[in-house]
Each structure stands twice: as structure tokens, then as C-alpha cells.
1. Using the 10 angstrom Cβ neighbour count as an exposure proxy, how do Tyr35, Tyr42, Tyr58 rank, fewest first?
2. Which residues does a label at Ala56 reach in the stretch 17-43, if reach means a backbone N under 18 Å from a point 7 Å past the Cα toward the Cβ?
3. Listing Arg54, Arg24 from the residue with the fewest other Cβ atoms within 10 Å to the one with the most, what is the order?
4. Give me a comma-separated list of calculated 3J(HN,Hα) values for the stretch 32-49, in order, Karplus coefficients 6.51, -1.76, 1.60 applied at θ = phi - 60°, integers in Hz, x for any Gly or Pro.
5. About the Cα centre of the stretch 9-61, what is the dipole size in debye to 20, counting +1 per Lys and Arg Cβ and -1 per Asp and Glu Cβ, all else neutral?
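Read-outs: derived from the displayed coordinates by stated rules, not from any lab. From a predicted model like this one, the values you see are computed outputs, not experimental measurements. All Cβ positions, glycine included, derive from the backbone under ideal geometry; neighbour counts span all protein chains shown.
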Amino acid sequence: MISTVPLSATLWEHELEHVDQAERWGLIFLPAYLYWHLRVGYRRNPFERAAEARAARYLGQQGPGGCE
């Protein structure tokens, strides 16, 4: 990932879900991602929802005031 700012641990978790998705789906991942993006948009894209859920689980595991 390329970024001009430091990444939070929750963003890393989000992006790691996309890595896992790409490994599971193989070559069809990118076309499938783009299909859902065009069909329902970013927020309702099932791949993004799964990544957000993983980030939320990570954040929940950290507890109140958990470190990132």
C-alpha cells in the first residue's frame, strides 16, 4: 500500500481483508469488486462491507482506549 501518511492499525486490518479476498477469489477478485462497485457503490459493495466488518472487529478487540 502506498500512503503519504502513517496508517492506523484498523486501516491495515481493512486492507488485509482485501488481500485475503484477493487470495480467496483469485483472478476474478478485481472484476467482481468492480462489478459490485458499479452496481451498488462503495459503501454497499460486499467486499468493502467485509473489510469494514474486519476493521470493526479489530477495533472492538482493542477495547476502550485501545492502541492503534
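1. Numbers: Tyr35 12, Tyr42 9, Tyr58 20.
The most exposed by this proxy come first: Tyr42, Tyr35, Tyr58.
2. Those under the cut-off are 17-18, 41-43.
3. Numbers: Arg54 18, Arg24 9.
Ordered by Cβ neighbours within 10 Å, fewest first: Arg24, Arg54.
4. 5, 4, 5, 4, 5, 4, 6, 6, 10, x, 5, 5, 9, 5, x, 5, 5, 4
5. Values: 7 positive and 7 negative charges, 58 e Å.
Roughly 280 debye, rounded to the nearest 20.
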